[in-house]
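These notes concern the structure reproduced below.
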Amino acid sequence: MATTIRVDDELKTRVAAAAERTGKTAHAFTLDAIAQTGEHVEQDDELHRLADERWASVLANGKTVSWDGTKTYLAARERGKRPAKPAARKLAR
């Protein structure tokens with residue numbers, strides 16, 4: 001697939017300078033930037049899909065884990081401990 005991208009002179013200069021600093025051609029640098037942007041969009045989409053799925057689950061069963069319980073659990077895991085997972089509780093409505 002061939003694509004033409006019109007870029008103003010200022011951006012063209014910035015891309016060329018950044019590409020040179022990374023040891024890449026402007027073309028390779030541009031392809032990497034496009035690929036990274038596409039990957040970020042895909043990751044954001046997946047994050048939103050997962051968040052929507054989990055929120056729907058919370059609304060359906062009414063259970064959630066408190067933020068304090070979650071922070072305590074994660075802090076212990078970070079210290080290398082293996083704590084019990086915090087218990088889910090009914091969501092206050």
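The values are calculated or read from the model by the stated rules, or taken from the named source; none is laboratory data. Just so you know, these numbers come straight off a predicted model, no measurement behind them. Here the Cβ is made from the backbone with ideal geometry for all residues, glycine too, and neighbour counts use every protein chain on show.
The set of residues in the stretch 68-93 being in contact with a Phe, Trp or Tyr (Cβ under 9 Å, 6 or more places away or on another chain) and among the charged types (D, E, K, R) consists of Lys85 alone.
Across the stretch 36-69, which residue is surrounded by the fewest Cβ atoms within 10 Å (Cβ to Cβ) among those that are on the phi < 0 side of the Ramachandran plot and of a type in the set (Gly, Ala, Ser)? Only one residue fits best here, namely Ala60.
Considering only residues in the stretch 71-93 that are at pLDDT 95 or above and outside any loop (DSSP other than H, G, I, E, B), the one that is surrounded by the most Cβ atoms within 10 Å (Cβ to Cβ) turns out to be Tyr73.
Yes or no, residue by residue, for (1) within 24 Å of the chain's Cα centre (by Cα); (2) not aliphatic (A, V, I, L, M):
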{"residue": "Asp44", "(1), (2)": "yes, yes"}
{"residue": "Arg49", "(1), (2)": "yes, yes"}
{"residue": "Pro86", "(1), (2)": "no, yes"}
{"residue": "Ala92", "(1), (2)": "no, no"}
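Of the residues making up the stretch 1-17, those that are more than 13 Å from His27 (Cα to Cα) and hydrophobic (A, V, I, L, M, F, W, C) number 2.
Kindly indicate whether any position in the stretch 27-35 is touching a helix residue (DSSP H, G or I) at 6+ places or on another chain (Cβ under 6 Å), surrounded by 11 or more Cβ atoms within 10 Å (Cβ to Cβ), modelled with pLDDT of 95 or more and under 30 Å from Arg6 (Cβ atoms). Within the stretch 27-35, one or more residues are touching a helix residue (DSSP H, G or I) at 6+ places or on another chain (Cβ under 6 Å), surrounded by 11 or more Cβ atoms within 10 Å (Cβ to Cβ), modelled with pLDDT of 95 or more and under 30 Å from Arg6 (Cβ atoms).
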